[in-house]
1. Of everything in the range A:35-54 that's within 23 Å of A:GLU22 (Cα to Cα) and under 12 Å from the mean Cα position of the chain (by Cα), which residue is surrounded by the fewest Cβ atoms within 10 Å (Cβ to Cβ)?
2. If you check A:SER125, A:SER96, which single one turns out to be over 24 Å from A:GLY49 (Cβ atoms) and assigned to a helix (DSSP H, G or I)?
3. Which of the residues belonging to the range A:39-61 are of a type in the set (A, V, I, L, M) and assigned to a loop (DSSP other than H, G, I, E, B)?
4. Within the range A:62-80, does at least one residue satisfy the condition of being more than 11 Å from every other protein chain (Cβ to nearest Cβ), part of a helix (DSSP H, G or I) and not charged (D, E, K, R)?
5. Return yes or no: is B:GLY178 buried (at least 17 other Cβ atoms within 10 Å of the Cβ), touching a Leu at 6+ places or on another chain (Cβ under 7 Å) and of a type in the set (Gly, Ala, Ser)?
6. Pairs under 9 Å by beta carbon, first residue within 12 Å of chain B (Cβ to nearest Cβ) in the range A:20-36, partner part of a strand (DSSP E or B) and acidic (Asp, Glu), six or more apart or different chains?
7. So, in the range A:1-17, of the ones that are in a strand (DSSP E or B) and within 14 Å of another protein chain (Cβ to nearest Cβ), which residue ends up surrounded by the most Cβ atoms within 10 Å (Cβ to Cβ)?
8. Return the only residue of A:ALA116, A:ALA154 being surrounded by 23 or more Cβ atoms within 10 Å (Cβ to Cβ) and either part of a helix (DSSP H, G or I) or not acidic (Asp, Glu) (or both).
Amino acid sequence: MSSVASSKTVTVTVNGVEYEREVEARKLLIHFVRDDLDLTGSHIGCDTGNCGACSMLVNGQLVKSCMLLAIQADGATIETVEGLADGGELTRLQQSFSDHHALQCGYCTPGMLMSATALLREHPSPTDEQIRKGLQGNICRCTGYWNIFEAVKAAGA
Amino acid sequence: MLLREVEYAKPGSVADALAILREHDGARALAGGQTLINVMKARAASPDVLVDLNGLDDLKGIELAADGTLTIGAMATYTDVLASAEARARPILGEVCATIADVQVRNRGTIGGNVCSNDPTNHLPPLMAAVGARMTIAGESGERTVDAHDFFLGVYLTAVGPGELLTRISVPAGKQDGFAAVTLGADGTCIANAAASIDGGRVRVALGCVDAVPVVVTADGPEGVGAAVDAANLMPPFDVHASSEYRGHLARVLAIRAAEQAAGRS
């Protein structure tokens, strides 16, 4: 019989670094990553699963980290926006966001980048429809999406 | 959002999960969490114990039998269905799963969670009713199987009782299916939806969003569907998105669209 507990020691690997922490069962993954691991690149936009600002890759799969408990991520390999640039060298996608002015306030950008990263891994040269579908879970209230779309398209070309 | 204090268990077997659900009055199964975690934030649900089903690998399979029956494990995600070659035996399943929310939600949300939450605006309850799915429920005394018709009992209420789990859904062979919806945004919440399936010349249409459970009507062909919906005397609920009358109108239009889509397939 597996045990029932209100907290547990979890081990996660985030952007290649292993962390071991005691977490309460009620803690959302986004709070764990931001508050306990001090990786504040991933944002909390809506806290209701709608906006996608907290998107990250868990075991290679794109998720909204406000709809996953930290305790559920025990043993997982996690990638966040901080893991994209390698030693300050922007990824092709990040550079493309800069080149295409794909952000204004930038609040949604960490989530957009992770969704687009997941998309480009699955479809290295995505169609327009695939880009739109791939970014569907991420809301931007500044850009009207057009420059984000262009940035992803250029990064995938 | 800080959730209310909760305990957590991640059982490694269905038997183990059932035992924990039985032993704790306030225990609740956690599938994909794409609904439950959010209603916990809103305190609309406050389980004492979350029984995480994500360790139950035998509930994640999608299998196709020789007679064409498709069996989908309750913990298969929408993404699993989209990626499954077997699931293409009944194409409507993947087509509908592709329109649920967004990539992130499809990666976590499960088939079992969708039907067990039985939100009247969900996509899968009417779809399962239309295709004649059968649900297998495990409990202390073993397994039982119920028809979709007997599975959906009320808003957020299904035949899965306390201490029980939905383990799998079987969908009979068939291809002449359709689905139509009017949603908030491209793949958003349904204001009204309808699923249709043609079997032996009869078309069966299940209407979502118009009552506590899917409303099933049948007709000899798509041309009879409008009259069949009229005869059902729908009294749909109203909200900020649609009056009762408008939602009823949408249901009729969508029923015909879904039936025509089904009839157009061979």
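The values are calculated or read from the model by the stated rules, or taken from the named source; none is laboratory data. This one's a predicted model, so the numbers in the text were calculated from it and none came from an experiment. Reconstructed Cβ throughout: ideal geometry from the backbone, glycine too, with neighbour counts over all protein chains shown.
1. It comes out as A:THR40.
2. When all the criteria are applied, what remains is A:SER96.
3. A:LEU39, A:ILE44, A:ALA53
4. no
5. It is false that B:GLY178 is buried (at least 17 other Cβ atoms within 10 Å of the Cβ), touching a Leu at 6+ places or on another chain (Cβ under 7 Å) and of a type in the set (Gly, Ala, Ser).
6. Listed pairs, sorted by first residue: A:ALA25/B:GLU7.
7. Only one residue fits best here, namely A:VAL10.
8. One residue alone meets the criteria, A:ALA116.
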